[in-house]
Amino acid sequence: MEHEKYFQYFDRAVLNFYRTNSHAYHLKEDDMGGEIRISDNWEESMEKEHPYIELKFAFRKLDNEFVCIGVFMPSFKDKVSEKDHRKWIAFHIENPSFHKSNNGFDRWVNRYINGSWEVDDGPKIKIERELKLINSLTKIKFKKNLFKHDEYRLVNYPVAENNEEYTKSILELYRLVIDGMEKECLVNISNHLEINLTDKKKRLNSLKEIIPKELESKIYKPFNAINRKRMPIHGIPSKGIIPYTAFETFNTDLKNICNALGELKNWLEDVINLDSESCLKRLESLSTFPELNKPPRPEFKLAKAQRMVGKTIEKVEFGETGFHEDVHQGEALNIYFEDGTAVTFQIGSNAYNIASDYEALKPSDIHTDIMLFWAEKLMNKNEEK
């Protein structure tokens with residue numbers, strides 16, 4: 001490989017420091033690698049104990065099936081403090097021998113070294129996307145998310161190749177996709193389908209009862225597999241802590257859950273008859289709309305605005321208004337309707353009053369504008385986009 005000489009390799013245990021200090025650092029991972037950066041809570045006063053860092057790293061499989069960290073050293077030098085550098089050196093792997101199959105590492109090199117953004121994301125990032133799409137469907141239809149969270153920072157790949165670290169990762173995945181299912185939303189879906197649930201408190205059983213029999217192997221089975229793997233975690237391992245291909249096994253679990261979520265999303269689109277992408281765009285666009293908690297002043301302006309309901313727009317004019325030294329500068333929006341009526345949107349202000357209190361300020365020094373935010377329409381499952 002052309003860039004091989006620039007890589008150095010480290011044991012994944014080095015990531016433990018950043019995980020245990022999640023108040024200062026944000027660790028994001030996928031099957032091909034990850035990134036460490038300071039968290040939103042990081043402040044300059046924390047620099048001495050928790051130095052600034054912004055580092056991307058790759059995962060690469062060794063010939064013993066275990067996975068290590070690969071770092072492109074030219075970027076490492078500029079992105080890591082001297083204190084962190086010493087920490088990483090302690091986990092350095094001398095003369096590693098690599099597995100002949102390294103799909104994740106090859107994709108990382110293609111994206112971050114060769115600059116190819118056609119590289120597909122891995123299952124962990126895809127899971128977050130599928131959860132967002134599923135939640136958008138149920139939020140629109142039932143006013144409730146099916147999953148409490150569509151992103152959970154504690155779901156990460158095992159930091160070591162043993163059964164104990166694997167079970168820790170399974171537990172966090174369980175918390176996201178099983179413990180995180182909202183019982184109330186499952187009940188809403190069952191009511192929509194006119195299905196009586198045996199026990200509304202049991203999430204997995206409710207999921208099994210609402211989906212068609214032919215989808216059990218694709219949706220219920222992968223979820224139940226995570227549930228079965230999580231169940232023994234409360235006890236002490238009968239064989240103790242033993243070597244285990246934790247990374248690869250957990251990555252397979254993530255792929256299975258990702259596929260199950262995709263099937264669940266497709267089924268929900270069918271039974272609700274809505275396109276999940278349009279639901280997500282709708283919710284994202286509505287988030288820019290301000291919350292109205294008081295009537296306009298004076299209140300008669302509401303009746304004027306309501307005259308627009310049901311009208312068909314013929315023409316729109318939008319631009320800056322003419323200059324007047326006693327009025328703030330700004331924009332206006334004129335809308336003409338097919339029934340011959342028209343309405344104009346202009347921004348009022350107290351610019352003149354403020355300017356009268358400050359000698360150096362003129363009303364025309366103040367500028368306002370009109371910002372437009374569209375809420376996208378909802379689309380049926382098979383509607384042409």
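Dividing the Cα convex hull volume of the range 80-137 by residue count, how many Å³ per residue is that? Each step should come with its number before you reach the end.
Values: hull volume 10.0 nm³, N = 58.
So the per-residue Cα hull volume is 173 Å³.
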Please report how far the C-alpha centroid of the range 186-215 lies from that of the range 1-53, rounded to the nearest whole angstrom. 42
Run a plain Debye calculation on the range 4-112 (Cα atoms as equal point scatterers, no solvent) and give log10 I(q)/I(0) at q = 0.11, 0.14, 0.18, 0.21 Å⁻¹, rounded to two decimals, same order as the q list. -0.34, -0.55, -0.88, -1.17
Name all residues of the range 199-219 having a backbone nitrogen under 20 Å from the label point set 7 Å from the Cα of Met231 along its Cα→Cβ direction, giving them as ranges. 199-210, 216-219
Got a sec? How would Leu292, Leu268 order by Cβ neighbour count within 10 Å, fewest to most? Leu292, Leu268
How big is the gap, in Å, between the Cα center of the range 161-176 and the Cα center of the range 54-121? 23
In whole Å, what are the extents of the chain along the principal axes defined by its C-alpha atoms, from largest to smallest? 79, 62, 38
Got a sec to turn the phi values of the range 264-271 into Karplus ³J(HN,Hα) couplings, 6.51 cos²θ - 1.76 cosθ + 1.60 with θ = phi - 60°, whole Hz, x for Gly and Pro? 5, 4, 4, 5, 5, 4, 5, 6
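Given the range 123-285, what whole percent of its Cα pairs are spread farther than 27 Å?
Working: 3376 of 13203 pairs.
Beyond 27 Å sits 26 percent of the P(r) for the range 123-285.
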Relative to the present Cα-Cα distance, how much length would full extension add between Arg307 and Glu47 at 0.36 nm per residue of separation? 87.8 nm
Would you work out the charge dipole size for the range 57-131 about its Cα centre, treating the Cβ of every Lys and Arg as +1 and the Cβ of every Asp and Glu as -1, and quote it to the nearest 20 debye? 180
Rounded to the nearest 20 debye, what is the charge dipole size of the chain about its Cα centre when +1 sits on each Lys and Arg Cβ and -1 on each Asp and Glu Cβ? 1740
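State the extension gain, in nm to one decimal, for the chain segment bounded by Ala13 and Asn382, taking 0.36 nm per residue of separation less the distance between their alpha-carbons. Working shown, then result.
On the way: separation 369, 0.36 × 369 = 132.84 nm, distance 4.73 nm.
The span from Ala13 to Asn382 would gain 128.1 nm if fully extended.
Nearest 0.05, what FRET efficiency do Asn95 and Glu65 give at R0 = 30 Å with Cβ-Cβ as r?
Details: r = 18 Å, r/R0 = 0.60.
The pair Asn95/Glu65 has a calculated efficiency of 0.95.
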Residues of the range 174-188 with amide nitrogen under 13 Å from the 7 Å Cα-to-Cβ point of Lys200? 183-188
Which distance in nm do the two modelled labels at Glu299 and Glu164 give, with both placed 7 Å along the Cα-to-Cβ direction? 6.8
Between the range 259-311 and the range 351-385, what's the alpha-carbon centroid distance in Å? 20
Would you please give the residues with an amide H less than 5 Å from that of Thr321, counting only those at least 5 places away or on a separate chain, with H modeled from the backbone geometry? Gly330, Glu331, Ala332
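Rule-based calculations on the coordinates, nothing more; no lab input. Just so it is clear, the model here is predicted, and its values are computed rather than measured. Here Cβ is always computed from backbone atoms with ideal geometry, including for glycine, and neighbour counts include all displayed protein chains.
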